[in-house]
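Report on one structure; see the data block that follows.
A short reminder: the numbers here are calculations on the coordinates, not readings from a lab. Computed from a predicted model, the values in this text were never measured in an experiment. Neighbour counts run over all protein chains shown; Cβ positions are idealised from the backbone, glycine included.
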RNA sequence: GGGCCCGUGGUGUAGAUGGAUAACAUAUCGGCCUGUCAAGCCGAAGAUCGCGGGUUCAAGUCCCGUCGGGCCCGCCA
């Protein structure tokens, strides 16, 4: 940096009496008429520059014209600040630079929003002027964190014998999974490349190729609707290993993620080692395969008590093969009818028919079930005192608690209660943003029944291996077969998914057969894979953690746009550049395309 | 494809039930000011209330449509 001798975050008392040159942006300007103070900012920090007309009238004149975000170069002497004038909020606060020369390298228009404070700004405006938004402390902090995480991953995996290999962005479309982004081919009229949804096939082929330990910080593309944790293009740590079982992959990832959290972030790990749940256990106890384990409030099955009780909704649900499950919203026993109605509206959004509730009065009220005022409830009056007490005991109900129940098909009861649990956890302040609860979910069902298509779909992807001992079940009872799949879950987000792959052609064909993929179609779509598998394929498996999501959690941000330099909006648009945009008729013609709008 | 929320000087907000000059903070511009660090004090300028239409004597406010942003359902192997 020949235009500056030091950064704006560098100078300390030991630099006193040195002549230095700094360059950066005007962060703030304080004009006293005589003295002018400038907070000069660059990527490394802020340094106060003092312009005193007694030292240099020329420099003082320049300072008079300075405005926020001007780019300037200043040369001057470093000195310790006079006693009592230090600024403890600034890393460089013990010194200041007395300007002797100053040069405006580039003036700046008044920015459309504050850059020198992290005050709220409408997100559309931030995205339109993203290059200015990125100057702000919040974004700078997030992008630096992201860099440190990725650097850490590269170093860690390199030390573990992995090599980073780039795979193509222009690849082949396959109808499985998400919608592909397509790229028309000029040289092959009527044909298209697809941007990869992930380098899945390529990393498996690298295992066939004998690289044994591969990783990549890989950009992935999916043309689906956006969410706060989903962008059309996002970044995965893509990773694959040969001659391993699932314990090897999980062990590696567990060590990596533990080290990242402990060495790169200020968050606390709740579980060490990570907790493990089977898919069925996760569904049973939390109603979801990506539970937020920062708090309890587990789902409890009371179907046995509800069966044949006097409350017809309960009894008939159980009789019809459904379940009655509930949770204990501890301390919410004082909720008003209106508050409970709000919770009811929430579960109804997820197709539950209603929410049964039972509130236990706060301490000091009547004690025994059966006595006047012992409970408020939407259904207790239909049950015996013993049944009510059994339910309270089952949910460990204490005075002041609110017990909430959904009676429905298991999928609906789980979904509704899981959402309810999340909302209550948030409302009760149980989701500590400084804590990361990492857990493995394993033993997923190998396939799930697709009602509309009347066929089995792979739970993960179609190269995932079933558990060895469950292979016979593929012929007899596919629903009970488990896959060698593992998901890493953190605070209610799925942050990685992976599996041990099928490496034998017979088994792969058996799976194609099971999910109703004709061999002809399979050859058409995956011929290169099937062919490759015939040339000596090692047992292999891998995983793909989402970098954006994990950095979001490490940064404590509410969505992944905050950890992506140039993200897209919910409608997948770039508000800064104006993408997507129309193209010229000449471009279309060259690509052999006609628009049909 | 669907539901909900938001859009008012550059920025962030206020403007119940429609009522006359659209308020506040901050930024901007000018003046004063030699120890501030969110500098201070004085003054000025700055808004066709996202856009289009409608209801009404009267619309920032109510209705319809539309554009943009966000959250969510569907979707995301």
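Normalising by residue count, region A:13-106 has a Cα convex hull of 92 Å³ per residue. Our summary gives chain A a relative contact order of 13 percent, counting only alpha carbon pairs under 8 angstrom and 6 or more residues apart. Against the longest alpha carbon principal axis of chain A, how many degrees, from 0 to 90 and to the nearest 10, is the axis of helix A:137-159 turned? Approximately 70 degrees, to the nearest 10.
At an R0 of 45 angstrom, the distance between the Cβ atoms of residue A:16 and residue A:430 translates into a FRET efficiency of 0.30. Each listed q (0.31 Å⁻¹) maps to a log10 I(q)/I(0) for region A:95-143, found by the Debye formula over equal Cα scatterers with no solvent: -1.21. All Cα-Cα separations within region A:126-243 were binned at 10 Å from zero, giving a P(r) of 12, 31, 33, 20, 4, each value a whole percent of the pairs. When the Cα centres of region A:416-442 and region A:36-90 are compared, how far apart do they sit, in Å? Here the two parts' Cα centres lie 48 Å apart.
Computed over the Cα atoms of region A:1-158, the ratio of the radius of gyration to the Kirkwood radius (Rg/Rh) comes to 1.02. Projected over every direction and averaged, the convex hull enclosing the alpha-carbon atoms of region A:403-546 yields 11.5 nm².
Model label points for residue A:385 and residue A:523, set 7 angstrom from Cα along the Cα-to-Cβ axis, are 7.6 nm apart. Taking one quarter of the surface of the C-alpha convex hull of region A:295-431 gives a mean projected area of 7.4 nm². Each Cα pair under 8 Å and six or more residues apart adds its separation to the average, and for region A:13-106 the resulting relative contact order is 35 percent.
Only bridges with both residues in chain A count here: give the DSSP antiparallel percent, nearest 5.
The answer is about 90 percent antiparallel.
For the pair residue A:506 and residue A:342, label points projected 7 Å from Cα toward Cβ lie 6.1 nm apart. Using R0 = 51 Å, the C-beta based FRET efficiency linking residue A:248 and residue A:30 works out to 0.30. Angle, helix A:246-264 long axis vs. longest principal axis of chain A, Cα atoms, 0 to 90°, nearest 10? Tilt of helix A:246-264: around 40 degrees. When every Cα-Cα distance of region A:448-505 is counted in 10 angstrom steps from zero, the calculated P(r) takes the values 21, 46, 28, 4 percent. With a cut-off of 15 Å on the backbone N, the residues of region A:535-576 near the modelled label site 7 Å out from residue A:144 along Cα-Cβ are A:555. Net length available on complete extension from residue A:224 to residue A:566 is 121.3 nm, with 0.36 nm assigned per residue and the Cα-Cα distance removed.
What shape does region A:174-262 take by its C-alpha gyration tensor, where a ≥ b ≥ c are the square roots of the eigenvalues and a/c under 1.5 counts as rounded, a/b above b/c as prolate, and the rest as oblate? Taking the square roots of the gyration eigenvalues as a ≥ b ≥ c, region A:174-262 is oblate.
Would you calculate the convex hull of the Cα atoms in region A:467-597 and tell me its volume per residue in Å³?
Working: hull volume 30.0 nm³, N = 131.
In region A:467-597, the Cα hull volume divided by residue count equals 229 Å³.
For region A:5-53, the Cα gyration tensor yields ellipsoid semi-axes of 19, 14, 8 Å (square root of five times each eigenvalue, largest first, whole Å).
Express as a percent, rounded to the nearest 5, the fraction of DSSP beta bridges in region A:13-106 (both residues included) that run antiparallel. Here the share of antiparallel DSSP bridges comes out near 95 percent. Length gained on full extension, residue A:353 to residue A:122: 79.4 nm, using 0.36 nm per residue less the C-alpha separation.
Extension gain, residue A:577-residue A:183: 0.36 nm per intervening residue step, less the Cα-Cα distance, totals 139.9 nm. Which of the three applies to region A:394-441, rounded, prolate or oblate, going by the alpha-carbon gyration tensor with a ≥ b ≥ c and a/c under 1.5 meaning rounded? Verdict is oblate for region A:394-441. Quick one: if the Förster radius is 51 Å, what FRET efficiency do residue A:584 and residue A:480 give, using the C-beta to C-beta distance and rounding to 0.05? After rounding, the FRET efficiency stands at 0.35. Placing dummy labels 7 Å off each Cα toward the beta-carbon, the span from residue A:411 to residue A:110 is 5.8 nm.
Helix A:410-427 and the long axis of chain A differ in direction by around 40°, with both axes built from C-alpha atoms. Taking 20 °C and 1.002 mPa s as conditions, chain A diffuses translationally at an estimated 75 µm²/s according to Stokes-Einstein applied to its Kirkwood radius (Cα pairs).
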